[in-house]
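Below is one structure; the comments refer to it alone.
Every number here is computed from the coordinates shown, using simple stated rules; none is lab data. Since the model is a prediction, treat every value here as computed from it, not as a measurement. Cβ placement follows ideal geometry from the backbone for every residue including glycine, while neighbour counts extend to all protein chains displayed.
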Amino acid sequence: MPEERTVLQVEHVTMQFGGVVAVNDLNLTVPEDKIIALIGPNGAGKTTAFNCITGVYQPTNGIVSFMGKPIVVAHPTGKMKKTYKGTNADLYRHRRVIDPTPDEVTALGIARTFQNIRLWKSMTVFENVLIAKHMRAKQNVFSATFRGNAKEERRMRDETMALLKEQQLDKFADELATSLPYGLQRRLEIARALATDPKLLLLDEPAAGMNPQETQELAEFIHEIRERHKLTVFLIEHHMDLVMRISDYIHVIDFGSEIAQGVPKEIQTNQHVIDAYLGVAEDE
């Protein structure tokens, strides 16, 4: 069998806020064409890890590589050299810091959704997706100034409507995004992420606020878009039924550190994971 290609590699990533270590020495791999889950109790550091990958935060230490190339490189600097509480402080001090902005990460081919839906409230469903399409627009200042981009604009509008039809959102195209039911807003946010033509899709609690029926439909939807768009999916989720149903591999973190990894059956029976979610009874 051919060796799996790695899409995302996280090495020794630590995120420290003041004296609090939110993510501690995180290492994980996301292989191509897989659905990988990152789970853990509330406050475990999952969204912080996503923020370090996508340029929202500059990690205090570590490297993030995408398609084999480092896109984030960090090590303790300034006052943090003395106050750093994580491990491997000297590991990357010889490396040049790389600190991309979120739009630069998106342009590389990484798209994400958020734990709290972040649609443009004053725009329609169509406009929310069309704006994301401009990430891949083939135009420049000259063409925009002299209206030479009409063909490109028409292409983006056609592709936006095709994407809405694919996601069964076309009949809502002219409605305000925030007027949609909650489940459809989630679907729209995913459609907007797909409009950037990503290779890797990060989903932060996509089933949050959904009822069991919507969660079941979401599981089918994630598999469908993975196949249709040839995507790799990396997700954070609290709905364990969803995680166990769709994930190829799972990483579990607690208090910022990884406590387990494995296929769903291994995670379901892992005592460390059970203790983290249910708590450990104190000895009397």
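Specify which residue in the list Val23, Leu38, Ala111 is farthest towards the positive end of the charge dipole of the stretch 12-124, using unit charges on the beta carbon of Lys, Arg (+1) and Asp, Glu (-1), about the Cα centre.
Among Val23, Leu38, Ala111, the one farthest towards the positive end of the dipole of the stretch 12-124 is Val23.
Using just the Cα positions, wrap the stretch 157-231 in a convex hull and report its mean projected area in square nanometres, one decimal place. Mind dumping the intermediate values first?
Working: hull surface 20.0 nm².
Mean orientational projected area (the stretch 157-231, Cα hull): 5.0 nm².
Measure nothing but the geometry: give the 0 to 90° angle between the long axis through the Cα atoms of 212-228 and the longest principal axis through the Cα atoms of the chain, rounded to 10°.
Once rounded, one gets 70 degrees.
Compute, for the chain, the length of the dipole vector about the Cα centre, with Cβ point charges of +1 (Lys, Arg) and -1 (Asp, Glu) only. Units Debye, rounded to 20.
Roughly 1480 debye, rounded to the nearest 20.
Can you list, bin by bin at 5 Å, the percent of alpha carbon pairs in the stretch 184-264, starting at 0?
3, 13, 26, 26, 18, 11, 4, 0
From Cα pairs below 8 angstrom and at least 6 apart in sequence, can you work out the relative contact order of the chain, rounded to a whole percent?
Over the chain, the number comes to 24 percent.
Lys133: which aspartates and glutamates have alpha carbons under 20 Å from its alpha carbon, excluding same-chain residues fewer than 8 sequence positions away?
Asp103, Glu104, Glu152, Glu153, Asp158, Glu159, Glu166, Asp170, Asp174, Glu175, Glu189, Asp197
Collect residues whose amide H, placed 1.01 Å from N in the peptide plane, falls under 5 Å from the amide H of Ile71; neighbours closer than 5 in sequence don't count.
Long-range HN contacts for Ile71: Val64, Ser65, Phe66.
Given a cut-off of 21 Å, what percent of all Cα-Cα pairs of the stretch 83-240 lie beyond it? Please list the in-between numbers first.
Working: 6617 of 12403 pairs.
Every Cα pair in the stretch 83-240 considered, those over 21 Å come to 53 percent.
Beyond 28 Å between alpha-carbons counts as too far, so tell me which of Lys34/Lys171; Lys121/Lys165; Lys46/Lys82; Lys85/Lys265; Lys46/Lys79; Lys69/Lys151 fall in that bin.
Lys34/Lys171; Lys85/Lys265; Lys69/Lys151
Which translational diffusion coefficient, to the nearest whole µm²/s, is obtained for the chain from the Stokes-Einstein equation, given a Kirkwood hydrodynamic radius over C-alpha pairs, 37 °C and 0.692 mPa s?
Answer, rounded: 162 µm²/s.
Once you charge only the Cβ atoms, +1 for Lys and Arg and -1 for Asp and Glu, what is the size of the charge dipole of the stretch 85-236 about its Cα centre, to the nearest 20 debye?
For this selection, approximately 600 debye.
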